[in-house]
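Heads up, the thing below is written out as structure tokens.
The values are calculated or read from the model by the stated rules, or taken from the named source; none is laboratory data. From a predicted model like this one, the values you see are computed outputs, not experimental measurements. All Cβ positions, glycine included, derive from the backbone under ideal geometry; neighbour counts span all protein chains shown.
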Amino acid sequence: MHYYQKPHLRSFPRKGLEKYAPFRYNQVIWADFAQIQVDLSKNVAAAGDNSKREGIMEIQLQNLTKKFPNRNRKHPGDVIAVNEFNFTIPDGQLIGLLGPSGCGKSTTLNLICGLEKPTSGKIFFGGEDVTGVEPEHRGVGMVFQNYALYPHLTVRKNIMFPLENLKGKDRLSKEEMEKRVLDAAKMVSLEELLDRKPRELSGGQQQRVAIARALVKMPRVLLLDEPLSNLDARLRLQTREEIRRIQRETKITTIFVTHDQEEALSISDLIVVMKEGILQQIGKPQEVYDLSLIHISEPTRRTPISYAVFCLKKKIYTSI
């Protein structure tokens, strides 16, 4: 089979772009140039506001590695899910963690959250080493792919659940909990649905309940593990705009895991591309987009040396 006929590659549907060759996933695949350019313009317009705000929480990942035991007896040894991951996530920004299924995105998120313990390496929140800190003490809000709502509880009780489990000096009065729940519900436009059960809500509304529950504790870091994958196209577009709006209002450092390139490009301040547990590329959406165009239009004209020089000039970090 010819290289450009392989099923893991995708051609461009836009008229006039058929002459360009498809390119590999780790060099980022973009399907619709016109829509992406519109989304990039919105991001650039908002960049001024992001640069002026005060920092909230900087996350540092130092030589982060996670290995799992290999269950295949024919191939003994460990499976490396995350391999020597080094990256500093700027405070108060929304980071898109992009890559194909099985590349280590969700594992990286679980390591930051504390649901998984790293094999080696360290994690710092604002200069504080939290590698050995339990998840409930890290100040992290997590939104899962499948929402993970309690079906027997109302929207109000689902959002309030993390507050009811606070202990000691962090424990809140009932009035304070009610106020926080109402504030979180208003943030995601659910204040009129607080007495409904999850089964009485649409998929987009359930996702907003999960986001409100993650925000109600006022976390230092918000983690989103492919939160839009279960939604249809229209709800996905609407919900991603809501996530971006909420992040700008709260200014919480946010990591958004996705395998959808358009999602990452549309709402991220910075994009991190992963493949096979290895960090492949870091750049602002426009930089990643520009680099991908070069790979399409000049697939054979750049040598590895000239490509590396281009990356250095553009301050784009990538493996070649």
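Note on the stretch 67-91: among residues that are over 27 Å from the mean Cα position of the chain (by Cα) and more than 22 Å from residue 275 (Cβ to Cβ), the one that is modelled with the highest pLDDT is 71.
Looking at 236, 244 in this structure, which one is of a type in the set (Lys, Arg), touching a strand residue (DSSP E or B) at 6+ places or on another chain (Cβ under 8 Å), closer than 29 Å to residue 59 by Cβ and in a helix (DSSP H, G or I)? So the residue among 236, 244 that is of a type in the set (Lys, Arg), touching a strand residue (DSSP E or B) at 6+ places or on another chain (Cβ under 8 Å), closer than 29 Å to residue 59 by Cβ and in a helix (DSSP H, G or I) is 244.
A residue that is exposed (fewer than 14 other Cβ atoms within 10 Å of the Cβ) and more than 25 Å from residue 229 (Cβ to Cβ) occurs somewhere in the stretch 176-185. Residues of the stretch 187-213 being without any contact (Cβ under 8 Å) to a residue 40 or more places away in the chain, buried (at least 19 other Cβ atoms within 10 Å of the Cβ) and not in a helix (DSSP H, G or I), which ones? The one that is without any contact (Cβ under 8 Å) to a residue 40 or more places away in the chain, buried (at least 19 other Cβ atoms within 10 Å of the Cβ) and not in a helix (DSSP H, G or I): 190. Residues in the stretch 115-124 that are crowded, with 20+ Cβ neighbours inside 10 Å and either in a loop (DSSP other than H, G, I, E, B) or modelled with pLDDT under 95 (or both): 118 only.
Of the residues making up the stretch 214-221, one or more are touching a helix residue (DSSP H, G or I) at 6+ places or on another chain (Cβ under 6 Å) and in a loop (DSSP other than H, G, I, E, B). Residues in the stretch 81-111 that are hydrophobic (A, V, I, L, M, F, W, C) and in a loop (DSSP other than H, G, I, E, B): 103 only. For the stretch 140-186, filtered to residues that are in a helix (DSSP H, G or I) and either among the aromatic types (Phe, Trp, Tyr) or modelled with pLDDT under 90 (or both), the residue that is nearest to residue 207 (Cα to Cα) is 161.
For the residues 140, 130, the requirement of being crowded, with 18+ Cβ neighbours inside 10 Å, among the β-branched types (Val, Ile, Thr) and within 17 Å of residue 212 (Cα to Cα) singles out 140.
Within the stretch 49-66, at least one residue is surrounded by fewer than 16 Cβ atoms within 10 Å (Cβ to Cβ) and at pLDDT 80 or above. Taking the criterion of being in contact with a Ser or Thr (Cβ under 8 Å, 6 or more places away or on another chain) and either of a type in the set (D, E, K, R) or part of a loop (DSSP other than H, G, I, E, B) (or both), the only residue of the stretch 247-259 that qualifies is 259. Is it true that residue 194 is within 23 Å of residue 156 (Cα to Cα) and either within 14 Å of the chain's Cα centre (by Cα) or charged (D, E, K, R) (or both)? In short, no. A count restricted to the stretch 183-223 and to residues that are in contact with a strand residue (DSSP E or B) (Cβ under 9 Å, 6 or more places away or on another chain) and among the charged types (D, E, K, R) stands at 3.
The set of residues in the stretch 132-148 being under 20 Å from the mean Cα position of the chain (by Cα) and not basic (Lys, Arg) consists of 135, 139, 140, 141, 142, 143, 144, 145, 146, 147, 148.
Looking only at residues of the stretch 210-232 that are among the hydrophobic types (A, V, I, L, M, F, W, C) and more than 18 Å from the chain's Cα centre (by Cα), we find that the one that is modelled with the lowest pLDDT is 218. Within the stretch 73-92, residues that are within 27 Å of residue 221 (Cβ to Cβ) sit with their Cβ atoms under 7 Å from residues that are of a type in the set (Phe, Trp, Tyr), at 6+ positions apart or across chains, in these pairs: 79/68; 81/68.
Among the residues of the stretch 251-263, none is identified as at pLDDT below 90 and of a type in the set (A, V, I, L, M).
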